[in-house]
1. Could you tell me how far the Cα centroid of region 124-198 sits from the Cα centroid of region 1-65, in Å?
2. Counting other beta carbons within 10 Å of each Cβ, put 98, 567 in order, fewest first.
3. With Kirkwood radius over Cα pairs in Å defined as stated, name the option among (1) 30.7; (2) 35.5; (3) 26.8 computed from the structure displayed.
4. How charged is the neighbourhood of residue 204? Take every other residue with its Cβ under 15 Å from the Cβ of residue 204, and add Lys/Arg as +1 and Asp/Glu as -1.
5. In region 308-345, whose amide N lies under 20 Å from the spot 7 Å out along Cα-to-Cβ of residue 393? List them in ranges.
6. Express in nm, to one decimal, how much length is gained between residue 9 and residue 224 on full extension, taking 0.36 nm for each residue of separation and deducting their alpha carbon distance.
7. For region 18-26, in order, what is each residue's ³J(HN,Hα) by Karplus, 6.51 cos²θ - 1.76 cosθ + 1.60 with θ = phi - 60°, in whole Hz (x at glycine and Pro)?
8. Residue 121's amide H: which non-local residues (gap 5+, or another chain) put their own amide H closer than 5 Å, with H modeled 1.01 Å from N in plane and none for Pro or chain starts?
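Values quoted throughout were computed directly from the atomic coordinates according to the rules given, and no laboratory measurement underlies them. Only a predicted model underlies this, so the values are computations on that prediction, with no experimental measurement involved. Note that each Cβ is placed from the backbone with ideal geometry, even for glycine, and that neighbours are counted across all protein chains shown.
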Amino acid sequence: MKHWQLNNEANGIVVAVLDRAGESTNALSTEVMLELSQILDQLDKTPPAGLIIRSGKAAGFIAGADIGEFSQLDTPGKGLALVARGWDLFNRLAAVSYPTLALVRGHCLGGGLELALACRYLLAVDEAGTKMGLPEVMLGIFPGWGGMLRLPQRVGPAAALDLMLTGKTLDAKRARNMGLADDCVPPRVMEMAARQLLLSQQPRRALPLVQRLLNGPLKAVVANGARKQVAKKARPEHYPAPYAIIDLWQQHDGNALAAPEVVERIIQSPTAKNLLRVFHLQERLKGFGKPSDDKASDFTARHVHVIGAGVMGGDIAAWCALRGLTVTLQDQSLERMAPALKRAHALFVKRLREPLKIRAAFDRLIPDVAGDGVAHADVVIEAIFESVEAKHALFRAIEPKLKPTAVLASNTSSLRLEDLRTALARPERLVGIHFFNPVAMMPLVEVVEAEGADPTMVRAACAFVKQIDKLPLPVKSAPGFLVNAVLAPYMLAAMRAVDDGISPETVDEAMLAFGMPMGPIELVDTVGLDIALAAGQQLAGGAEAPRCLQQRVDRGQLGKKSGQGFYDWSSGQAKKAAPGSVPAGLAEKLVKPLVDRSSQLVADGVVADADLADAGVIFGTGFAPFTGGPLHLRAGRR
């Protein structure tokens, strides 16, 4: 066989190792699935004492189905055939007479988890890279190879639907605690533990009675609750897949083949095609941070020094510490750093959960009033207030201390790198690494290249961004770069509509119905009206500020941070009146300036091409992913 190796052990156990030829990660291609079927044929003739399925890749177990084959589902019937292939094969695996075990180390996603669920036992290896989930909904499709049947049987229907409808992943310990994995063990004992569990004849953990009822006669209770939760975030006309998952589980016990019309409707939908496009755009962004033949992009940071412990600087430092780097955070006093350290601790508690891991992350975040970390850092990020003079003074002070290979970066969102770098002896080393607020939530980071910048530093900056699990987008130095430059005219058009007498609630409703995750007026409140006013003055070409904006700023109503903006934020959430009737064409009118500006930035070379512009606007602003991006939408390729 090309992709699988079978190892027969003296105790009668057979170990099937998947090592997909010519690829760095395992995926369930047609060839891989055919060979697995041949393995089952062979074992039918001489049943083993047990079967262990594991990966031969360092990168993980199985990343899922072969994404490349999804692009070939261009005619009716192909989607149904794809679903049938996995459904039938994994049902066959689940029905074999001998015990089976999936040894899961590293990522185990989509079809990979569906294969593991078809085994009698699932043993998870407790290390950082082990992640399990069914993220098909992120591609606009559903887990059709048994996941909708078996995951609710393992973990209960509410938890299973939450995983399938959000695409969230579980680490090894959470998978064990939830009942998805039978156990989790450290790598050093995984071989022995796998064989003991396989031959143990240990029954699987039974679901409690209430969960069994919710998975049977009370299915409607769970399904109705899930629909209400999904409706808060996704409209069925934009994202049909989550609603199809609920229906297929409730009405057909997760067997998509029982509803062929649903299979064809979902797989052939514009949403599925565009979300597949977004997946490829994301992979392209990740590629900017990957090593290549030239050693410049092999840059790996171990120590990051952040100067400025405000909201952005403090949260950048916390994120880097969360991702395993040593971080020194510099400001004028410990008192000024205290809020940042408090937010960092909250982030670590939320993301890491385990006390030892939380403590280790907090130990990696080191207050550094004197700035001693500058001399040791591989990346130094300036995140002080937006003043050319202040940044010049800072650069003059720290440049003599920098390691020759260190990346020197500014998180500026409004100042030109060409103006900032004049204070440096080596001006070509300065790059922009522009994060978005909130740092922990926003996946995109713009890597800004000024004219004449050292390409080695730009590539190293991209590698650093990828290293901390963000998406690097190379852009040229220009006012607002890409993301802020396209948001400014969009928010301006929304506020002009308010000036024209349309209520803020109606403006927001128009764009929510269009598919935006947040209305533009609520976005202005969240960003801060003072910041929006300053950005507008810079990016709007001298146009007069909207009256509704200027009046509120004059009254000190600055949005969420002051408790009042366009909306009342005293409770921490925007209090909105009911929207009025949305005027015909309002959404198209509001989004047109954003699309126009995106097109202009491509023409000006600020971003390399239309695909990267779409990627930046989707991952940097949340622009409706189901459209495929603003320029893709304009081209009519939905």
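1. Computed from Cα coordinates, the inter-centre distance equals 19 Å.
2. 98, 567
3. Checking each listed value against the structure points to (3).
4. Taking every other residue near residue 204 into account, the sum is +4.
5. Within reach of a label on residue 393: 308-311, 313, 330-337.
6. Between residue 9 and residue 224, full extension yields 72.5 nm more.
7. With the stated coefficients, region 18-26 comes to 8, 9, 4, 5, x, 10, 7, 10, 7 Hz.
8. 100, 101, 102
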